[in-house]
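The values are calculated or read from the model by the stated rules, or taken from the named source; none is laboratory data. Predicted, not measured: the structure shown is a model, and the values here were computed from it. Counting neighbours? That spans all protein chains shown, and the Cβs are built from the backbone with ideal geometry, glycine included.
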Amino acid sequence: MVRVLATGTFDILHPGHVFYLEQARKLGDELCVIVARESMVMHKPKPLIPEGQRLKMVSVLRAVDHAVLGDEEDMFKPVLEIKPDIIALGYNQHFDEDKLRKELEKRGIRSEVIRIEDAADGAYYSTRTIIKRIRNGNTESSG
């Protein structure tokens, strides 16, 4: 059985998240998802949706077999517990793949790292884009 791990903040769940998780699920037999804790989100604004609600939203998606909240101090702790064969990164996630591989190796985690391609076919595939459109008052559907 091939276990795949996907991670993310999953704030304002949108089609880009669904695409990412569906593509990650195709890489193996089981998809586990780590939903980022609010305290660990440092590379962008803090999420609007509380972490427990984001976890619930992700956990009910058809592609997801298991979903957990990340650790409050060490993002690799749940990775060690899940023991994934593959770690699927979203096309726009901030991870440097080489640095991630080195850190995984240093911790004895033997997982293949695969970057999921951009779907590039929807205006609503980015939380940042959705928020920007709402702020600008542009809520017309574009497909």
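Quick notes
- Restricting the range 110-127 to residues that are at pLDDT 85 or above and hydrophobic (A, V, I, L, M, F, W, C), the residue that is nearest to Gly8 (Cα to Cα): Ile116
- For the range 83-99, the set of residues classified as touching a strand residue (DSSP E or B) at 6+ places or on another chain (Cβ under 6 Å) and within 23 Å of Gly16 (Cβ to Cβ) consists of Pro84, Ile86, Ile87, Ala88, Leu89, Phe95, Glu97, listed by residue number.
- Subset of the range 30-55 (residues that are in a loop (DSSP other than H, G, I, E, B), without any contact (Cβ under 8 Å) to a residue 24 or more places away in the chain and either surrounded by 18 or more Cβ atoms within 10 Å (Cβ to Cβ) or in contact with a helix residue (DSSP H, G or I) (Cβ under 7 Å, 6 or more places away or on another chain) (or both)): Lys46
- Flag for Val64 being touching a helix residue (DSSP H, G or I) at 6+ places or on another chain (Cβ under 7 Å), closer than 20 Å to Val4 by Cβ and in a strand (DSSP E or B): no
- Near pairs, Cβ below 6 angstrom, 6+ apart or cross-chain, from the range 3-29 (at positive phi) to any residue that is surrounded by fewer than 20 Cβ atoms within 10 Å (Cβ to Cβ) and modelled with pLDDT under 95: Ile12/Ile130
- Candidates are the residues of the range 9-22 that are crowded, with 20+ Cβ neighbours inside 10 Å and not in a loop (DSSP other than H, G, I, E, B); the one that is modelled with the lowest pLDDT is Gly16.
- Any hit, the range 99-106, residues being outside any helix (DSSP H, G or I) and either farther than 19 Å from Thr127 by Cβ or of a type in the set (S, T, N, Q) (or both): no
- The listed residue being modelled with pLDDT of 85 or more, over 14 Å from Thr9 (Cα atoms) and surrounded by fewer than 15 Cβ atoms within 10 Å (Cβ to Cβ), out of Arg101, Arg107: Arg107
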